[in-house]
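Here's the structure we're looking at; comments come further down.
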Amino acid sequence: MRLRILAFVSITAFASAAEQPQGQPSPAGQPPAAGQPSVPLPPAPSPPAPGKPSAPAQPGEQPAVPLPPGSPPSQPSVPPGSAQPGVPKSPGAASGATAAAAPVPVKAEDAPRVVRVNVTTQAWDFSRPWGKRAPFTRRAVGAILPGKRVLVSAELVANANYLEFESAEGSNRTPASVLAVDYESNLALLKGDDDEFLTSFKPLDLTEAKVGDTLHIWQLETTGVVLATQGPMTIAEVSRYAMDDSSFLVYRATAALQFRDSSFNLPVLKEGKLVGMLVRYDNPSNSAEIVPSPVIEHFLKDAEQQPYEGFPRTGIVYSPTRDPQLRRFVGLAGKHTGGVLVTDLVKDSPAEQAGIKKGDVVLALDGQAIDQDGHYLDPTYGKLSFTHLVSTRRFHGDTVKLKLLRNGEVSEAEIKVSHRDVASYVIEPYVLDRAPKFFILGGLVLQELSRQYLKEFGKDWEKRAPQELVYFDRYQSDLFKSGPRKLVILNRVLPMASTVGYEELHHLVVQKINGIALQSLEDVPNALANAADGIHKLEFDSEPRVIFLDARTIAAEEAALVQNYRLPATKRLGD
Amino acid sequence: MIRAWLLFLYLLLLSVAAPAAPLEIRKSLARITNTAQEPNYRIPWLPGATGGGSGTGWVVSKDRLMTNAHVVSNARFLTVEKENDPKKYIATVEHIAHDCDLALLKFEDPSFFENTQPLAIGGIPELETTVSVFGYPIGGDRLSVTRGVVSRVDFRTYSHSVVDSHLSIQIDAAINPGNSGGPVLQDGKVVGVAFQGYSGDVAQNVGYMIPTPVIHHFLRDASDGRYDRYMDLSIGTFPLLNPAQRRALGLPSDDRGVMVSSVQSAGSSAGVLEVGDVILAIDGLPVSSDGMVELEGERVQMVEVAERKFLHDGVKLEILRAGKGKNVEVKFDRAFPYTMQANAYEQQPAYILFGGLLFQPLSRNLAAAYQFQSPRVDYYFDFFVTRELYKKHPEVIVLSALLPDALNTYLNEFREGIVESINGTPIKTLKGMAEELAKTPEFYVIEFVGTNRPLVLERKAVEAARERIHKRYNVVDDQNLGETPPVTVAGN
């Protein structure tokens, strides 16, 4: 509720102040006075992934949602097997196609090279971690690859319960399963349970595309006819992918896509060959974001052998050296052109282990000269971030050679690059296909903090989730350099007799139980065994700092807790 | 029998004499017109926009007028008018309390107080009793009276500073713009000063007045010639309702005691109280497990006891520490650093302009002017007190804007960064930053919190650009270190 100060018959606007509890106000949202300059572009976010520059926010770049197929997540699941004619258009999905750029049907002999993929997903509810959310179905068009395998996006199959292939005209279906999935590059490889299903289909070969090439985005009509919307490829650059923590090469094209069913992801072709997978489309700008063939090739090669290893990194955090003052300061002026300044190293990363230091200047990688912005000259794509040479031209376990400038001397260094395991993060950027861990202590719901948890607060989670936890997630690389391994949080309290007085507590970081520091949720059972005089002592890193629980009351009440709240379990730890 | 009769007569006379008739009230009221200058945090070398408004004041003594702080904040020129007097008198602010929204005005011309009548100050009115609000609100030019009942007595946030909470009385008499600062009367005595309310589309008939304990506290604090502000225990407390918690802390299963859940290291309780202490009594008053005490027959929050204290006063606490009883005393001898989060007045923005980079200390006013996007700046603001960020950063220096020039054109990415150090020297205050920048190294290397990306400026280049930038952007002074005391009002 807003409280207005009613003082003035005022010429200027009323001073209005939002009511805030004492001691913890957030900045009052006062509109700037008339005549003020507009707010400049937000600053570049701090470098998230090692070796990757912080991507400056580009004006107008929206994380566009993939064309929804007409069954948004909140709706009940569509029973598999039901055809979906006349599915209502999702709001905002219809694009304003002009006559000149209208989609056209594809020649009969080129099809079928694609197949419908229907996936029923059921995500875990991280706010009530003992259960799952309502299932829902998404439909996409998958690209058929040699070996009767189908390529789709990883987002499509995240938390999948049931997958199936469906022929283009909808008459034939078979269950399918995931062979390999990589959430960082947003790719998944599937195969059908019935090996014969794809026999009569023709696989697609991969090829690259350059800026200026005409690309064809394929959709399917309900009759099975392939509809191709064409448009020029406008950009090839390294950019942040959906999971927010990794950046890879992306193709961007402009095309006036129309809404069609099964469009969660779409194959993109050039001259009859696959150049990528469309995973994002922004309506107002008609801009398509495509996971390109070099990334797909890397994924497919990696998936040929178990285990799947993933895209490697060096662990170098760097700053461009475009500013002439910075160049003079680090000793780059006159003698060398280009180079990026190493400003940090991810803990225990390959670069750190190879002895790379803050203050080093990376001049070249694998023989490719790096300019002041961190770009090398790619024969196909022109100026491209050098991180592409590491992530997509190399595999986990490969060695890259660096040319370094250190204290005015040029030297060489070798780094054995590796994939950064998601478990190495204190606050994991995604938790998919895995049930959330939890431990309910007398009604206190304890979990490990992850970005997946924060995303439960909705699309606007960065503003709506508890701000301290958002801050911890965002800046974890500098906040938790000396531990813990994971952050244990008290999510909420399910009121019981043992928790009287604590009902209002929520979203607190639990540091210790019974004097034992928690490195992860796995430490909880051990810590509970350490109770003194039958009382558990829990210590938080913020108010109320310390609370106590009666161990005997908790034990006596466990059955009632399970019954009252209909809990299928009171804990889930480790796999 | 006769006694009862006399008593009745006495009461009758009282009730007839009691309410001050509007005619009499006119001698105690005044309309205040404030010409104010609002500071400009985005162009801090300029004086700021002139604006203003009006409110109500009332004669509190033979030579002082009382009103709300927000009526006379940022004043450059104050004029006051009395009923039935054509003259406009020039007033100055003698004392202003931004933490409880009250102010005292004085006049160069003593004739202002001729034919005026100071109003007596009463007590806390009972719920549902009638009160009358006098003032000069919108809807007309002459004295207005509205009447209502006392709806609620509660501890509420005072919007003027937005970080302070005190006793506040809710009434349903209409309080409108212009009423601020005016007296609310019951039986001829002031029972409150009208000061805030809700607009009609949020809540109906909800207005608030500053009650007499707060008025008395302000007057008493100011009586020594300097307003020191409200004292604060600077602790967090947690109710002790859980049986296991009570047992662990060595308490019997009764309804007494709250646990100290935080102690601000820059506050008055630092070194006296510890996290985990149980407060059993404050100044001899037993504290119940929900944090209330009985004060003068009323059940109020424990903090009310601290509310009545002044600088250099103390408060005695009976505590339990690790199961052992102790008696301690907290002395109120220092200011508390949460004013960064409060609305600030009477100040020109502090800043340093260096190489076209504008550095300013974070404050509520600054955040409101810029609407920062950075989660780190948000965090440093929101958790400045609770996470004791003031220990390392007594002033949080933010690079709030850049004035584009060839010198700094590649430095936009550093905007909204918080300064950590310059050339290896940690920066704690704007003054400290100015000292560092006054040195003459070849390069100034500015490091920001959380990142290792240095912002490098070449001294030669900065000096070469200074004139050019100043001229282009009409800069008068390239720094204001914010040491000047609150600005005095003209006309004195």
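Remarks
- Among the residues making up region B:145-200, those that are open to solvent by 30 Å² or more (accessible area, probe 1.4 Å), without any contact (Cβ under 8 Å) to a residue 40 or more places away in the chain and not hydrophobic (A, V, I, L, M, F, W, C) are B:Thr146, B:Arg147, B:Arg152, B:Asp154, B:Asp172, B:Asn176, B:Gly200.
- Matching residues, region B:301-331, being small (Gly, Ala, Ser) and open to solvent by less than 80 Å² (accessible area, probe 1.4 Å): B:Ala306, B:Gly314, B:Gly323, B:Gly325
- Residue that is surrounded by the fewest Cβ atoms within 10 Å (Cβ to Cβ) [pool: residues in region A:253-273 that are assigned to a loop (DSSP other than H, G, I, E, B) and aliphatic (A, V, I, L, M)]: A:Ala256
- Considering region B:201-219, the residues that are facing another protein chain (nearest Cβ under 10 Å), surrounded by fewer than 21 Cβ atoms within 10 Å (Cβ to Cβ) and touching a Gly at 6+ places or on another chain (Cβ under 9 Å) include one that is farthest from B:Gly55 (Cα to Cα), namely B:Ala203.
- Meets criteria (hydroxyl-bearing (Ser, Thr, Tyr) and either open to solvent by 20 Å² or more (accessible area, probe 1.4 Å) or within 13 Å of chain B (Cβ to nearest Cβ) (or both)) for A:Tyr318: yes
- In the condition set (1) assigned to a loop (DSSP other than H, G, I, E, B); (2) surrounded by fewer than 23 Cβ atoms within 10 Å (Cβ to Cβ); (3) not acidic (Asp, Glu), A:Lys301 is compliant with all but (1).
- Selection count where residues are part of a loop (DSSP other than H, G, I, E, B) and open to solvent by less than 80 Å² (accessible area, probe 1.4 Å), scope region A:383-399: 7
- Checklist (1) modelled with pLDDT under 95; (2) crowded, with 18+ Cβ neighbours inside 10 Å; (3) of a type in the set (A, V, I, L, M, F, W, C); (4) out of contact with any strand residue (DSSP E or B) (no Cβ under 7 Å at 6 or more places or on another chain) applied to A:Val426, failing item: (1)
- 2 or more residues over 22 Å from A:Thr121 (Cα atoms): qualifying strands (runs of 3 or more DSSP E) within region A:168-232: A:214-220
- Out of B:Tyr198, B:Tyr230, B:Tyr208, sole residue that is aromatic (Phe, Trp, Tyr) and touching a helix residue (DSSP H, G or I) at 6+ places or on another chain (Cβ under 8 Å): B:Tyr230
- Number of positions in region B:236-248 that are open to solvent by less than 20 Å² (accessible area, probe 1.4 Å) and outside any strand (DSSP E or B): 5
- Within region B:402-443, being open to solvent by less than 40 Å² (accessible area, probe 1.4 Å) and facing another protein chain (nearest Cβ under 9 Å) holds for B:Leu402, B:Leu407, B:Asn408, B:Leu411, B:Phe414, B:Arg415, B:Glu416, B:Gly417, B:Phe443.
- Picking from residues in region B:102-120 that are touching a residue at least 24 places away in the same chain (Cβ under 8 Å) and surrounded by fewer than 17 Cβ atoms within 10 Å (Cβ to Cβ), the one that is nearest to B:Asp228 (Cα to Cα) is B:Lys106.
- B:Lys88 vs. criteria surrounded by fewer than 24 Cβ atoms within 10 Å (Cβ to Cβ), closer than 16 Å to B:Ser111 by Cα, without any contact (Cβ under 8 Å) to a residue 60 or more places away in the chain and touching a strand residue (DSSP E or B) at 6+ places or on another chain (Cβ under 9 Å): yes
- Residue in region A:388-407 that is touching an Asp or Glu at 6+ places or on another chain (Cβ under 6 Å), within 22 Å of B:Tyr444 (Cα to Cα) and not basic (Lys, Arg) present: no
The values are calculated or read from the model by the stated rules, or taken from the named source; none is laboratory data. Not measured: the values here are computed from a predicted model. Positions of Cβ are backbone-derived with ideal geometry, glycine not excepted, and every protein chain shown enters the neighbour counts. Just so you know, the surface numbers come from the protein's heavy atoms only, side chains and all, with ligands and any DNA or RNA stripped out. Shrake-Rupley method; radii C 1.70, N 1.55, O 1.52, S 1.80 Å.
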